[in-house]
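Here's the structure, in structure tokens; my notes come after.
The values are calculated or read from the model by the stated rules, or taken from the named source; none is laboratory data. Values in this document were obtained by computation on a predicted structure and should not be read as measured data. With ideal geometry, Cβ positions are generated from the backbone for all residues, glycine too; neighbour counts draw on all protein chains shown.
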Amino acid sequence: MFPLHEPLTDTLREELAAHDDLTAALLARRGVLTKEAAEKFLNPSYDAHLHDPFLMTDMHKASERLARAILTGEKIAVWSDYDCDGIPGAVLLHDFLKKAGANFENYIPHRHEEGYGMNVSGVEKLAKSGVQLIVTVDSGITDVEPIARANELGMEVIVTDHHLPGEKLPDALAILNPNARADETYPFRGLCGSGVAWKLVCAALAQTPKLRERVPAGWEKWLLDMVGLATIADMVPLVDENRALAMYGIKVMRKSPRLGLQKLCRGMRVEQRAITEDDVGFMIAPRVNAASRMGEARDAFALFTTDDESEADLLAKKLEKANRTRKAEAGAITRAVHARLKEREIRSVIALGDPEWRPALLGLVANTIAEEYERPVFLWGREWSMSLKGSVRSGGATHILELMQAAENVFAQFGGHRAAGGFTVQDTEVFFLEDRLVEAYARITAGEKSVDVLAERADAVLVPEEVTLSFLAKIERLSPFGMDNPKPVFLLRDVFVREISRFGKAEEHLKLKIDSREGNRSIDVVTFFVKGPVARTAQELAQGSRAHILAHLERDTFSRGNPVRLRLLDIRVV
């Protein structure tokens, strides 16, 4: 094994002397450059590495108001988003308020009938039911009008959110959002919405002894299963405090007594006591999100809060069915996109839409098409509100947010990050959407140089003999992996392809057996739902082919002994 990219300086190598060459190189690529930072990164501590919640602007005010409402029996409403950040946040506040003996209800807006965030109609319903305090989760920071209406009706609002604000902040009693103000005093801005809500719980318990009498010391740690679920699912950066929250969240998930989580894992054939971030991101989160996309988000909320085994079993099966329906509908849209692409020129940016397409499913489809065609893909449909909404995925190195910013006057709203985003397109611009995006893409990519793509994407070069469980154990020390802490990628050059096979009902998965020139070690290489460039290259492969392979290392949990294997990312025939 040898690392690619810039070699470590003597000073940096000395600073990271406690670690082997690979670990030191991977830490350095992640900006971990000191002995102390390496210790914090590799061994996150609940006590030492979680920040004081009272460092967050408005936390004293918010936690005091929430505690007072609980102790005096005021009616509280928790208004959460309907995705896999808002739902876990709603669950953790439900559990806390129930444990504390509060008078409360959970309000989850319907994705298709009410849309994202607070709305005036819902606020008025809460006022009629006697609510005096609203606490938002993963929403609220741009809801100026609904919060103003809540104030008019005599209610107070505590916003807990992590999204970027609009032109002005809402007139809430307190705003807990590390991204809301330029002068924010909280030392980490990467928390997800559920993370912010959990901080409020911790602060309320720390500030109010009478509340702590109702909630045993340390009980709030059991809520970390929901915080970890949201932190991983919402793709916030898994660095700093989020690393500790994700790591401890996974530990709690493995031991969680939640009947709904247990039933969900059983239905997915995921071993709860061995849950990983991949299980959360690729198995649990899609089922939680399917609830709102295909029906009612409250099903996911009820799954995680119920104490009834029969109800938990029923809800887990309902989410499984919703996820299958989501896959089927997304598959139908994907086939429609493919059919239209066959009839037209493939440009540097793909932008397609149909008023009949469900916007909630388009991120999934855009990701599939972007991976296949290796370029940005924008897909739109018509929302319940009659607006044209859609999703975009990058398909490679293009920074999506920069691309949308460069396409002036096209979008009514847009947001996202480097790899993915969402948008609302102006009705008058939808017919010119692809033209405008192609022009913007040409402007922002002008002058870019081609690179050795495989080497550029890899962290190090391996030979098959080095692909061992002990080597994988070194890599796993850097987990959980996610945004800003990606799984290490390895390049295996000039390997021999000994066997090629397909598996799955439709033979949609690919499996290779490879070894080195000496033939000393045979390694399994797999990829699921093979498509795009890998699928095209696979057609050129034959037994005995030589190839360069780009891959992650992972455990084969379906084979006895959980041997190490490679998860194929890219392949080039030599």
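Structural remarks
- Positions within the range 164-185 being in contact with a Ser or Thr (Cβ under 7 Å, 6 or more places away or on another chain) and surrounded by fewer than 24 Cβ atoms within 10 Å (Cβ to Cβ), in sequence order: Pro165, Gly166, Arg181, Glu184, Thr185
- Selection from the range 288-322 of residues that are charged (D, E, K, R) and in a helix (DSSP H, G or I): Arg293, Arg298, Asp299, Glu309, Glu311, Asp313, Lys317, Lys318, Glu320, Lys321
- Filter result (among the basic types (Lys, Arg) and without any contact (Cβ under 8 Å) to a residue 60 or more places away in the chain) within the range 191-236: Arg212
- Within the range 532-566, if we keep just the residues that are farther than 16 Å from Lys511 by Cβ and part of a loop (DSSP other than H, G, I, E, B), the residue that is farthest from the chain's Cα centre (by Cα) turns out to be Gly544.
- Considering Arg443, Arg375, the condition of being basic (Lys, Arg) and surrounded by fewer than 15 Cβ atoms within 10 Å (Cβ to Cβ) is satisfied by Arg443 alone.
- With respect to the conditions (1) without any contact (Cβ under 8 Å) to a residue 12 or more places away in the chain; (2) in contact with an Asp or Glu (Cβ under 8 Å, 6 or more places away or on another chain), Val137 falls short on a single one, namely (1).
- Condition met for Val288 (within 22 Å of Glu113 (Cα to Cα), outside the structural domain of Pro109 (by TED's automatic domain parsing) and out of contact with any Pro (no Cβ under 6 Å at 6 or more places or on another chain)): yes
- One residue stands out among those in the range 8-19 that are modelled with pLDDT under 90 and assigned to a loop (DSSP other than H, G, I, E, B): the one that is farthest from Ala460 (Cα to Cα), which is Thr9.
- The numbered conditions (1) part of a loop (DSSP other than H, G, I, E, B); (2) under 24 Å from the mean Cα position of the chain (by Cα) are all true for Phe414 except (1).
- Taken over the range 383-405, the residue count meeting the criterion of being in contact with a Leu (Cβ under 6 Å, 6 or more places away or on another chain) and modelled with pLDDT under 90 is 0.
- Of note, Glu296 satisfies the criterion of being at pLDDT below 95 and out of contact with any helix residue (DSSP H, G or I) (no Cβ under 8 Å at 6 or more places or on another chain).
- Residue that is nearest to the chain's Cα centre (by Cα) [pool: residues in the range 503-524 that are in a strand (DSSP E or B) and either aromatic (Phe, Trp, Tyr) or at pLDDT below 90 (or both)]: Phe503
- Residue among Leu22, Leu12, Leu92 that is under 28 Å from Ala291 (Cβ atoms) and of a type in the set (A, V, I, L, M): Leu92
- The residue pairs whose first member lies in the range 418-441 and is farther than 11 Å from Ala351 by Cβ and assigned by TED's automatic domain parsing to the domain that holds Gly396, whose second member is among the polar types (S, T, N, Q) and part of a loop (DSSP other than H, G, I, E, B), and whose beta carbons are closer than 8 Å, counting only pairs six or more residues apart or on different chains, are Arg418/Ser394; Ala419/Ser394; Ala420/Ser394; Thr424/Ser387; Gln426/Asn409.
- Cβ-Cβ under 6 Å pairs, at least 6 apart or on other chains, the range 393-408 side touching a residue at least 12 places away in the same chain (Cβ under 8 Å), far side polar (S, T, N, Q): Arg393/Asn367; Ile400/Ser394
- Some residue of the range 345-352 being crowded, with 21+ Cβ neighbours inside 10 Å, touching a Phe, Trp or Tyr at 6+ places or on another chain (Cβ under 6 Å) and in contact (Cβ under 8 Å) with a residue 40 or more places away in the chain: yes
- Pairing each residue of the range 245-271 that is within 19 Å of Thr557 (Cβ to Cβ) and outside the structural domain of Thr557 (by TED's automatic domain parsing) with any residue that is basic (Lys, Arg) and not in a loop (DSSP other than H, G, I, E, B), provided the two are 6+ apart or on different chains, yields C-beta distances under 7 Å for Arg254/Arg273; Leu264/Arg287; Gly267/Lys317.
- Residue match in the range 229-240 (condition: under 26 Å from Asp484 (Cα atoms), in a helix (DSSP H, G or I) and of a type in the set (Gly, Ala, Ser)): yes
- Options Ala100, Ala77, Ala48, Ala37; residue that is of a type in the set (Gly, Ala, Ser), in contact with a helix residue (DSSP H, G or I) (Cβ under 6 Å, 6 or more places away or on another chain) and under 25 Å from Leu245 (Cβ atoms): Ala100
- Out of Lys511, Lys505, Lys487, one residue alone is under 29 Å from Ala535 (Cα atoms), charged (D, E, K, R) and in contact with a His (Cβ under 6 Å, 6 or more places away or on another chain). It is Lys487.
- Among the residues of the range 400-423, those that are surrounded by 22 or more Cβ atoms within 10 Å (Cβ to Cβ) and out of contact with any strand residue (DSSP E or B) (no Cβ under 7 Å at 6 or more places or on another chain) comprise Leu403, Ala407.
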